[in-house]
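S.K.: Have a look at the structure that comes next, please.
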Amino acid sequence: QGMSMGENVQRPGSAEAQTYAGYFKPRASSVSGGCRRARCAVWVALLLSAPSSQAKAYEDTLTLSGESGYGATLDDDASRSGIQIGLASSFGLNDIWSLRSRCMYGLHGGGSPTHLINPGVELLYLLDIVQTVPYFGMGLGAFAVVHSSKAHIDPAGHLVVGLEHWLSRSWIIGGDVRVHALPWQQSDLGLLYLSATLSVTRVFRADGL
């Protein structure tokens, strides 16, 4: 019986003892895997923390933009399309919401030119997480249309989607597309009017920087 008990004791050099000890010995693959996970965690933390310096870039800012683009009615009448130029100004309500006012002048060619004046105001939702900022929103406005010595004012609502790129803390370039709906139109613009514009923006900050 004593011999049988002694046989169950693991000798230091036995295969069973080496296997038992190797179970608790840290493996090189496990250590390297842990290092990789640690490095990934550091990179994720850096990526999450880096945008925080860009976040709130719009808060308490006043902007002034020069815009130019092209507008057209969404039908087959090519004569109701033409260039547009205008000015816009926005105020950053916080780091994700901005209120913008704008006024565009448009000239449609054809045998009898059509002149457009399109003032409006819009509320924008900004995905302010990187240097290039996408946004979307909606707004209200009107089209003052002068054609063949006749003038009409058409109330309108619109949806907008756009993209802005910060060149510095003071300058932005961007572009956007708007679809205007004119449900009570009195002019010949049609029910839907599409406009696409490019802009250069100067940023003014409340802190004066």
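S.K.: What are the residue pairs meeting all of these: first residue in region 121-150, first residue under 15 Å from residue 162 (Cβ atoms), second residue outside any strand (DSSP E or B) and of a type in the set (Lys, Arg), Cβ atoms under 8 Å, and 6 or more apart or on different chains?
M.R.: 128/56
S.K.: What number of residues in region 134-191 are under 25 Å from residue 66 (Cα atoms), in contact with a His (Cβ under 9 Å, 6 or more places away or on another chain) and outside any strand (DSSP E or B)?
M.R.: 1
Readers should treat all values here as calculations from the given coordinates under stated rules, not as data from a laboratory. From a predicted model like this one, the values you see are computed outputs, not experimental measurements. Cβ: placed from backbone, ideal geometry, glycine included. Neighbour counts: every protein chain shown.
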